[in-house]
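To start, the structure itself, in structure tokens.
The values are calculated or read from the model by the stated rules, or taken from the named source; none is laboratory data. A quick note: this is a predicted structure, and the numbers were derived from the prediction, not measured. Please note: Cβ atoms are built from the backbone with ideal geometry, for glycine as well, and neighbour counts cover all protein chains shown. Remember, those area values only see protein heavy atoms, side chains included, never the ligands or the DNA or RNA. Shrake-Rupley method; radii C 1.70, N 1.55, O 1.52, S 1.80 Å.
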Amino acid sequence: MGFLNHISSHFHKDEPAYMPEEERAGRIDDGALAILRALEEEGKEAYVVGGCVRDLFMGRIPNDWDITTSARPSETVAVARSHGWKAVDGGGRRFGTVIIVLSGNTFEVTTFRKEFYGADSHRPEQVTFSDTLEEDVSRRDFTVNAMALDRRGNLYDYFHGLDDLKHKKLRTVGKASERFQEDALRLFRACRFLGQLDFMADKSLVEGMKEAYPRVAGLSLERVREEIDKLIVAPHAARGFDLMVCMGLNETSCRLKVNGTYKEIPILPELSHLVGLPQQKEFHKFDGWYHTLAVLEASKPLLINRWAALLHDVGKGMPGVRAIRNGKYTDYGHDIKGAEMAEAILKRWERPARFTNHVVWLVANHMKFHYFANFEEANGVKWVRTLAREKAFPTSKELAEAFVEMTDLGNADIIGCGRPLSATEGHSAFGKYMEDLALSIPVSSHELHYDKEVPKALGSHVSDGMANLLLRVQNGELENTPEALYNAAVRYVRRRS
Ligand code: ATP
Ligand code: MG
């Protein structure tokens, strides 16, 4: 094995990517180091590799420490067990991977591999063991994900990943169009890494994308969804979505198996029309798409908040919504149209009902929230009472959560119009007021603070009686306390009989 350590010498000491060998070694996880040492003692090569090496150089905390080795799985298992560590061969589905558990942490130790791609859009047709680290890293997706470190901190960087890392550049290992065609999921992984790492896509990567689009059709919805969900909560999510939409990757379709047959699932074609969509200048600094991206990044990095941000204005510019009145662009009703579109997207994406309900409600009501937050005469109490009666959410706690999410969306929307953070104070205060109100108004009779005397007093009228008490508490005619509810129950029965 040769030391390919030349890249590190390019760096001057004060540059962030510079790091002496001892310091690199010092940053490797102790468990991973113990495994590297144990394998080396048996005469095997062993390295930490992939995302953890990238993260180590970027000063990020790695999710996991993956190890690659010249040892075959059975040898790895034997080495681990001789040290008293639990080790399991991943078997067929995880070809070449041994899971080692060491002081409560799990490490994946994978034998050097070569992959051959075929008909499947994601999974290799054939995987074989290899004898060299170089072959193993050649199969990896991006240069910054293809670096390896040995336990002394020597870097093996066959594709100049550290150089790309320093320039915040995402580049494929080898020819982009070929690498994307082998495994089309890498298209979405590219978008995801731009967002997570705050990188720019290299020109060669961008140019290699489109040729692989037909292969997206063979990806499963689950895999694509997982990548897009990782992207959407990333600190620089806008970077990834911008590449996806500007390159038309959002207009491709993946697939979902339903009762044994495949159904085509369009990814996010609904976003395309926002690109370049003009907006009224006095409210908006950006076009529809850049506004959406600004709102996305200004919102909290939580799935519901971010999905609501991404979709909050999808209804803008749609036929029947976009109009020009007195020479100005308007989009009246874009909230309702957007909510319909969001619902269609999230159902097609098979999101859980609770998730869809929140996002759709946020999109549908974001303009109303702005209106209420801006106009003192708008009656927030009435709005919450209506939501409770209509059971917009199953519990008052969930309704309160929805207002917390709404406050975040409203604030992000203000920031996304190019206005300062200080302009969000009114919305934050109003949102808090609505959250507290929501908590104080019951949505279901389970949230009435009654004791066992109440159903006793209602007797045979228990179901209609409870509904009546709930409605009156929701309307503010009755206090939600055991005494008030008991007295009301007694009066209710007296009126009935
Ligand atoms: P994360 O921080 O999400 O764990 P990661 O870079 O570790 O990011 P993983 O999906 O955990 O990404 O994969 C680990 C490593 O395996 C990658 O860094 C890369 O070297 C390689 N890899 C994973 N998926 C692919 C793929 N689809 N094609 C090529 N190489 C891949
Ligand atoms: Mg990982």
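Just one of ALA309, ALA388 is open to solvent by less than 10 Å² (accessible area, probe 1.4 Å), of a type in the set (Gly, Ala, Ser) and under 29 Å from ILE265 (Cβ atoms); which is it?
ALA309
Pairing residues of the stretch 52-70 that are among the hydroxyl-bearing types (Ser, Thr, Tyr) with residues that are within 8 Å of ligand 1 (Cβ to nearest atom) and at pLDDT 95 or above, at Cβ distances under 6 Å and at least 6 apart in sequence or on separate chains, gives THR68/VAL49. Scoring GLU226 on the criteria (1) touching a Leu at 6+ places or on another chain (Cβ under 8 Å); (2) open to solvent by 40 Å² or more (accessible area, probe 1.4 Å); (3) within 13 Å of ligand 1 (Cβ to nearest atom) leaves a single failure, condition (1).
Within the stretch 21-32, residues that are on the phi > 0 side of the Ramachandran plot reach no partner that is surrounded by fewer than 17 Cβ atoms within 10 Å (Cβ to Cβ) and assigned to a helix (DSSP H, G or I) with beta carbons closer than 6 Å at six or more positions or on different chains.
Residue check: ASN250 meets all listed conditions (1) open to solvent by less than 30 Å² (accessible area, probe 1.4 Å); (2) under 25 Å from LYS300 (Cα atoms); (3) within 16 Å of ligand 2 (Cβ to nearest atom); (4) in a helix (DSSP H, G or I) but one, namely (3).
For SER422, indicate whether it is small (Gly, Ala, Ser), open to solvent by 60 Å² or more (accessible area, probe 1.4 Å) and more than 22 Å from the chain's Cα centre (by Cα). Answer is yes for this residue.
Would you mind finding the one in VAL137, VAL101 that is open to solvent by less than 70 Å² (accessible area, probe 1.4 Å), assigned to a strand (DSSP E or B) and either in contact with a His (Cβ under 7 Å, 6 or more places away or on another chain) or in contact (Cβ under 8 Å) with a residue 12 or more places away in the chain (or both)? Just a single option satisfies the conditions, and that option is VAL101.
Quick grid of which residues meet (1) closer than 16 Å to ALA238 by Cβ; (2) assigned to a helix (DSSP H, G or I):
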{"position": "LYS263", "(1), (2)": "no, no"}
{"position": "LEU293", "(1), (2)": "yes, yes"}
{"position": "LYS300", "(1), (2)": "yes, no"}
{"position": "ASP313", "(1), (2)": "yes, no"}
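Answer yes if at least one residue in the stretch 185-193 is assigned to a loop (DSSP other than H, G, I, E, B) and surrounded by 18 or more Cβ atoms within 10 Å (Cβ to Cβ), and no otherwise. Can you show your working first?
Let us first name the residues in the stretch 185-193 that are assigned to a loop (DSSP other than H, G, I, E, B), namely none.
Checked the stretch 185-193: no residue is assigned to a loop (DSSP other than H, G, I, E, B) and surrounded by 18 or more Cβ atoms within 10 Å (Cβ to Cβ).
The test for being in a loop (DSSP other than H, G, I, E, B) and either within 20 Å of ARG389 (Cβ to Cβ) or more than 43 Å from the chain's Cα centre (by Cα) (or both) does not hold for GLU483.
The residue list LEU256, LEU243, LEU277 contains one member that is of a type in the set (A, V, I, L, M, F, W, C), farther than 20 Å from ALA339 by Cβ, touching a residue at least 40 places away in the same chain (Cβ under 8 Å) and not in a helix (DSSP H, G or I), which is LEU256.
Considering only residues that are among the hydroxyl-bearing types (Ser, Thr, Tyr) and touching a residue at least 12 places away in the same chain (Cβ under 8 Å), look in the stretch 314-347 and name the one that is surrounded by the most Cβ atoms within 10 Å (Cβ to Cβ). Let's see the steps before the verdict.
Pass one, the stretch 314-347, residues among the hydroxyl-bearing types (Ser, Thr, Tyr): 329-330, 332.
Adding the requirement that they be touching a residue at least 12 places away in the same chain (Cβ under 8 Å) leaves 329-330.
On the way: TYR329: 17, THR330: 15.
So, considering only residues that are among the hydroxyl-bearing types (Ser, Thr, Tyr) and touching a residue at least 12 places away in the same chain (Cβ under 8 Å), the one surrounded by the most Cβ atoms within 10 Å (Cβ to Cβ) is TYR329.
Return yes when GLY431 is touching a Ser or Thr at 6+ places or on another chain (Cβ under 6 Å) and of a type in the set (Gly, Ala, Ser) and no when it is not. Spelling it out, GLY431 is indeed touching a Ser or Thr at 6+ places or on another chain (Cβ under 6 Å) and of a type in the set (Gly, Ala, Ser).
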